[in-house]
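Some notes on the structure that comes next.
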Amino acid sequence: MIRVQQWVDRLLFLSVSTGLLVTQLLIGFRFITVHLNLVIIAVTVGVLQAFVSSVTFTGVILLSGALFVAKLARDPAEVEVAHSEPVVAIVPVYGDANVLSRSVRSLVDSTHPVRVMVVPETDDGASLREARRLAGEFEQVRCLPNTRYPGSKAGAISCAVEQTEGRYIGVFDADERVAPEFIEHALARLEDADVVQGRTVPRPNGVVEALAYYESVLLSYVGRRLLYRLTGFRMAASRAVVFRRGAYEAVGGYDRDMLTEDYYFAYQCYTEGLTVRELLHAPSTIDAAHSMRDWWGQRKRWVRGYVQVFHRLTRDALRPTGYRDVLGLAICGSSLVGGMMLISLLSKFIVLVSIGAGLVTMVPVGTVVLLAACVRYLDYRRGPLDGVGISWALAPLLFPLYGVVFTRAVIEYLVGGAGDWYRVAKHA
């Protein structure tokens, strides 16, 4: 039965992805011929569409990129926290004992007091031992095994929240190196917000790792600029995030049934009307996927989680409590459609190149490359990264590649549901 499902999944994926590409190509090469004095004049109807798509893509990337770069380049304001109450910093861990000390030590070095709660799964002996070792080394670190809701990151967070006190809670990944001033900056912004989401920067120390870095820049941060401006929606994840306990309780915490608990948490915050603020300064660095197999598998899990969230939001929108229930569903749905349609960008480029207008395609490609290089330079100057390199030249490849993995993940969800977790290898 499972093998039949796998073949159905593969055939559907091949049909849909090929169909998207071929349909766009046929539109691009649809010819109208006009006979005039025995001369055949060929007019390519789809060329105009391809040209408009190229210009539109360039315009959106330019505007979104300019907004992001301007915010990233702005000097951070001086902060002053009116209290010294410690933040409860929760670090769920499963299978990442070799990198756990990276997160814990960076949190201990924070400029604001913290109480670090490391939450390993009870069946992960290596992480349990490492968490206990770190708890013995640092006074402000405690090992809190996930005995209440085992089996998920959301469950580990819930376990820690229920067994701790404090008005302010932070959640961080086991491989996350947190900037010393991040928590202090986040608390200052919590004066007029419910949730503060920090930026995470994948360490681009290889080709695949660089791909993950530029994906983060272009598809996560740049790609959401206009959405943030137009709708007020903000991402609130389950790493590099600090929130008020009351905000967490208002949405019921992270849902343990969701594959991407953070993506659903963001929509819960949005529909509840909570104020989420973004903090780009003092970013955390995280481990990126180190192989294409891990990159592909991790993104498939993420996208399947996005479809699961859309499924849940569709159900919630049947009994809306406000306009944000419907708008949230529209935002999530449009992101899914947009992700799949990234494949069609390739067909537009093929059309333009085939008619000798390849120079037109260099405008969006050059814009993406320039933007990627600019952000990489700013990250180098601001400290998270050690150099600039030349990997930014590969950034345009992300769009069709991500379109393929997006389409595959959507098909897999329709055939087999949300599926299970995918854990990538972490390097110490």
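Candidates E165, E184: the one that is touching a His at 6+ places or on another chain (Cβ under 9 Å), surrounded by fewer than 23 Cβ atoms within 10 Å (Cβ to Cβ) and under 25 Å from E80 (Cα atoms) is E184.
Residue by residue through the range 147-204, note down the ones that are of a type outside the set (D, E), closer than 24 Å to V217 by Cα, in a loop (DSSP other than H, G, I, E, B) and within 22 Å of the chain's Cα centre (by Cα). Result: F172, A174, V178, A179, R203, P204.
The one condition from (1) more than 24 Å from V307 (Cα to Cα); (2) of a type in the set (F, W, Y); (3) modelled with pLDDT of 85 or more that Y323 does not meet is (1). Of all residues in the range 367-389, those that are in contact with a Gly (Cβ under 8 Å, 6 or more places away or on another chain), of a type in the set (D, E, K, R) and surrounded by fewer than 19 Cβ atoms within 10 Å (Cβ to Cβ) total 0. Given the criteria more than 27 Å from V217 (Cα to Cα), outside any strand (DSSP E or B) and at pLDDT 90 or above, does E85 qualify? Spelling it out, E85 is indeed more than 27 Å from V217 (Cα to Cα), outside any strand (DSSP E or B) and at pLDDT 90 or above. Among the candidates V276, V309, the residue that is buried (at least 21 other Cβ atoms within 10 Å of the Cβ), farther than 19 Å from I169 by Cβ and either in contact (Cβ under 8 Å) with a residue 40 or more places away in the chain or assigned by TED's automatic domain parsing to the domain that holds R225 (or both) is uniquely V309.
Which count do you get for residues in the range 120-139 that are surrounded by fewer than 16 Cβ atoms within 10 Å (Cβ to Cβ) and in a loop (DSSP other than H, G, I, E, B)? Count: 4.
Against the condition surrounded by fewer than 18 Cβ atoms within 10 Å (Cβ to Cβ) and within 15 Å of the chain's Cα centre (by Cα), how does G297 come out, does it pass? It is true that G297 is surrounded by fewer than 18 Cβ atoms within 10 Å (Cβ to Cβ) and within 15 Å of the chain's Cα centre (by Cα).
The values are calculated or read from the model by the stated rules, or taken from the named source; none is laboratory data. Note that this is a predicted model, so its numbers are computed, not measured. Here the Cβ is made from the backbone with ideal geometry for all residues, glycine too, and neighbour counts use every protein chain on show.
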